[in-house]
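I have placed the structure first, in the form of structure tokens, so that the comments after it can refer back to it.
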Amino acid sequence: MNIIGKPLTRVDANEKVTGKAKYTGDLVSPHALIAKVLHSTIANGVVLSFDLEEAWKVPGVVDIVTCFEVPDIQFPTAGHPWSTEKKHQDIADRKLLNTRVRFYGDDIAAVIAEDDIAAAEALRKIKVTYEEYTPVFSVEDAMKPGATTIHEEKPNNVVVHSSYEVGSFDEAIKEEGLIKVEGDYDTPFIQHCHIEKASSFAYMESGKIVVVAATQIPHIVRRICSQALGVGYGDIRIIKPYIGGGFGNRQDALTEPLNAFLTTRVGGRQVRLEYTREETFACTRIRHAMKFHIVSYVRKDGSFAARSIVAYSNQGAYASHAHALVANAVNGFRMMYPVGAIKGEAFTVYTNLPTAGAMRAYGIPQIGFALESHVDDIIAKTGFDPIVFRKQNMMKLGYVDPMTTITCHSTGLSECIDIGEKHLDYTNKRKLYAKQTGPVRKGVGMAIFCYKTGVYPISLETAASRMVLNQDGSLQLQMGATEIGQGADTVFAMMAAETVGLTMDKIHVVSQQDTDITPYDTGAYGSRQTYVSGMAVKKTAEVFRQRLLNFAGFMLHKDPWDLDIKDNFIVHKNKTERLLSVATVAEESCYSLTNSEHISAEESHHCSDNTYSFGVCFVEIEIDIPMCQIKVLDIINVHDSGTIINRQTAEGQVHGGMSMGLGYGLYEHLEFDQKTGRMLNDNMLDYKLMTPMDTPELHVAFVETDDPTGPYGNKSLGEPPTIPVAPAIRNALLNATGVAVNSIPLNPEKLFFASRDAGLIQ
């Protein structure tokens, strides 16, 4: 069929651009009750009491629920597959509403009212009495002896501490003639900033609690709601309509568990709970701020003899995905350059700041910045060529990670580097720009990355797909995997069409997930769906196709083995003569008076493999030193993501990731009041995102390898584009000025102090 690889229009394009697509907010009944959450105004303490007298007097108030009235159940919120082994289960450390306050904005009560105005007024009239404790906002303060314990289960505030060692670091550094390079690197808290705010509505139907929500993980959210309320899985139904972005924030249960409980308080009436933009910023999830200390010992031939890393992750108030992020980061440190002895240590630490959770690329943007900045620091100290050094030490084909056993089944990284270098004329410009003086200078930088595809073997990888033949010969495709704006539905439709032998117009994708109906899938995260769920599509399509051919063989009195399906027709294998249309087969199979058979297929795939994708970013910048401003002049991302299923959607994914990477490197960071812990820039005005005026032309290229483990030779692409941009910009700044700035964003304030300390400005 040759559908794979074509730049086809998205299957949901028309619905979205015409405004016909229905999101959670579009489906709410006009008669729904409105819920609003009362958030704490202290960062650390205990709720002692509420005065609700004035709040109850507000006309339209239906119910007020406090932290003293919710089930006494602590539950986890992270969107991980559940484990039957307790030690691998997510940390259960929060309740639907919390008496023990752990950050400024914690959920302590909720109002249900007839309308928004009544709910908001009632919130304002609730009076809270607290016992307040001294808050701790930094990892360093939280780990000090005598610091307030945030969770009783973790008296030193360390959620998890882990370490590993490959080879003997202490023995390796005894080698004569080694060059030691050491550095500290910091990355900030940032917000996902998806357009659709955190929202859901809930009601009861036929004895079930139904929650309609913007989530990446409907089947996992059902399990979490079940745990939070102490009811059976079958008593909960989650429906996920179109979703306005997620980027990992919705890989957590957000409003859904509380809303599921609230509808039970009002007899199953529909309750809408939609966060404001400010609440979405401060009361959902944010990207972890991390600190890294890296030490490298390099031989004079340019090879690593030994490397070590110590990483600290600021978790905020609740565990969410907890240690998985920084563990992934220190694993990435090992995997990218698996040469010499390597030692890693990581700490995840509770603080009294908003909860950090999953965000695009899951800890790798943080380590990507630290590691690739450190590599250029090595280059600056030793004089090695940055491309030669990276190619010498980077992961090679056939590498098997000693900790996870994940294998490098395919790699085009070297070719990616070559394409990016040629586009930017990097080598020549780097030498030229290193000699500059004056207030306005140019610089070039690069950064590489590797990224896994899915979460196996660390966690379960499973997916299912269902296909049903319609009477007109078209195919109904139902997935548990979720479309969250990344183009998954389009890719699945292409896979189905390719494997069955139908044209794209004959594939009808059911984009809505409903846990009562939809096949099981863990959801959208880890750049897993095209790889893991794609294999479920392929397996299902192969079974479906064979059943279709079997019935066609019955109709034609031919051996199905001799038949094929091409462009919606049954043909002789290896011939073009059309024997029957699929539509004719479909009609006969349904309505035959002698042999009616409803052709469908459903298969699941338990994934027991993983593979690495790779890529590089090259960037050219101009810095105005007195004005403390960086302008990106040219940028290219080059990716090896295996076979590209749809080039058009793939380029769109890379463009989006590059834009996020530019924001991470140049502008974005969350500010907090250092006395109260209140978030200060919790809105789209004060939080600085990239705009079209800030964004240069984004160049994208692909090196297509055929990965043997992917269903169609494909591997991860959704998250990786954001990884290498920030360190490439930082390294370009180093090339332009000789100044190593080891924290992001590279905003004017930071550039001023770095330039002043380096003597570039007075």
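So in the range 121-140, with the set limited to residues that are farther than 30 Å from GLU54 by Cβ and open to solvent by 60 Å² or more (accessible area, probe 1.4 Å), which one is nearest to the chain's Cα centre (by Cα)? Among those that are farther than 30 Å from GLU54 by Cβ and open to solvent by 60 Å² or more (accessible area, probe 1.4 Å), it is GLU140.
None of LYS36, LYS87, LYS16 is among the charged types (D, E, K, R), assigned to a helix (DSSP H, G or I) and touching a residue at least 24 places away in the same chain (Cβ under 8 Å) except LYS16.
The number of residues in the range 108-120 being under 18 Å from VAL266 (Cβ atoms) and either assigned to a strand (DSSP E or B) or open to solvent by less than 10 Å² (accessible area, probe 1.4 Å) (or both) comes to 7. Checked against the criterion of being surrounded by fewer than 23 Cβ atoms within 10 Å (Cβ to Cβ), touching a helix residue (DSSP H, G or I) at 6+ places or on another chain (Cβ under 9 Å), of a type outside the set (A, V, I, L, M, F, W, C) and at negative phi, the range 359-379 has at least one qualifying residue. If the condition is being closer than 12 Å to SER604 by Cα and either of a type outside the set (A, V, I, L, M) or part of a loop (DSSP other than H, G, I, E, B) (or both), then the range 453-480 contributes GLU461, THR462, SER465, ARG466, GLY480.
Go through the range 262-308 and give me each residue that's closer than 30 Å to VAL70 by Cα and either touching a helix residue (DSSP H, G or I) at 6+ places or on another chain (Cβ under 6 Å) or in a strand (DSSP E or B) (or both). Result: VAL271, ARG272, LEU273, GLU274, ILE286, ARG287, HIS288. For the range 542-584, a residue qualifies if it is open to solvent by less than 70 Å² (accessible area, probe 1.4 Å) and in contact (Cβ under 8 Å) with a residue 60 or more places away in the chain, and the qualifying residues are VAL543, PHE544, LEU548, ASP564, ILE565, ASN568, SER581, VAL582, ALA583, THR584. None of ILE723, ILE635 is open to solvent by less than 40 Å² (accessible area, probe 1.4 Å) and more than 22 Å from the chain's Cα centre (by Cα) except ILE635. Residues considered: ASP51, ASP93, ASP26. Of these, the only one that is more than 23 Å from ALA122 (Cβ to Cβ), open to solvent by 50 Å² or more (accessible area, probe 1.4 Å) and not polar (S, T, N, Q) is ASP26. Out of the residues in the range 391-419 meeting the condition of being open to solvent by 50 Å² or more (accessible area, probe 1.4 Å) and not aliphatic (A, V, I, L, M), tell me which one is farthest from the chain's Cα centre (by Cα). Across the range 391-419, the extreme among qualifying residues is GLN392.
Residues in the range 96-107 that are surrounded by 24 or more Cβ atoms within 10 Å (Cβ to Cβ) and not in a loop (DSSP other than H, G, I, E, B): VAL101 only.
State whether the residues of the range 441-449 include one that is aliphatic (A, V, I, L, M), under 30 Å from MET394 (Cβ atoms) and more than 28 Å from the chain's Cα centre (by Cα). Scanning the range 441-449 turns up at least one residue that is aliphatic (A, V, I, L, M), under 30 Å from MET394 (Cβ atoms) and more than 28 Å from the chain's Cα centre (by Cα). Taking the criterion of being open to solvent by 10 Å² or more (accessible area, probe 1.4 Å), of a type in the set (Ser, Thr, Tyr), at positive phi and touching a strand residue (DSSP E or B) at 6+ places or on another chain (Cβ under 9 Å), would at least one residue in the range 602-611 satisfy it? Looking for residues that are open to solvent by 10 Å² or more (accessible area, probe 1.4 Å), of a type in the set (Ser, Thr, Tyr), at positive phi and touching a strand residue (DSSP E or B) at 6+ places or on another chain (Cβ under 9 Å), one finds none in the range 602-611, hence no. Is at least one residue of the range 347-356 touching a Phe, Trp or Tyr at 6+ places or on another chain (Cβ under 9 Å), among the aromatic types (Phe, Trp, Tyr), over 28 Å from GLY177 (Cα atoms) and in contact (Cβ under 8 Å) with a residue 12 or more places away in the chain? Taking every residue of the range 347-356 in turn, at least one turns out to be touching a Phe, Trp or Tyr at 6+ places or on another chain (Cβ under 9 Å), among the aromatic types (Phe, Trp, Tyr), over 28 Å from GLY177 (Cα atoms) and in contact (Cβ under 8 Å) with a residue 12 or more places away in the chain.
The values are calculated or read from the model by the stated rules, or taken from the named source; none is laboratory data. A quick note: this is a predicted structure, and the numbers were derived from the prediction, not measured. Reconstructed Cβ throughout: ideal geometry from the backbone, glycine too, with neighbour counts over all protein chains shown. Just so you know, the surface numbers come from the protein's heavy atoms only, side chains and all, with ligands and any DNA or RNA stripped out. Shrake-Rupley method; radii C 1.70, N 1.55, O 1.52, S 1.80 Å.
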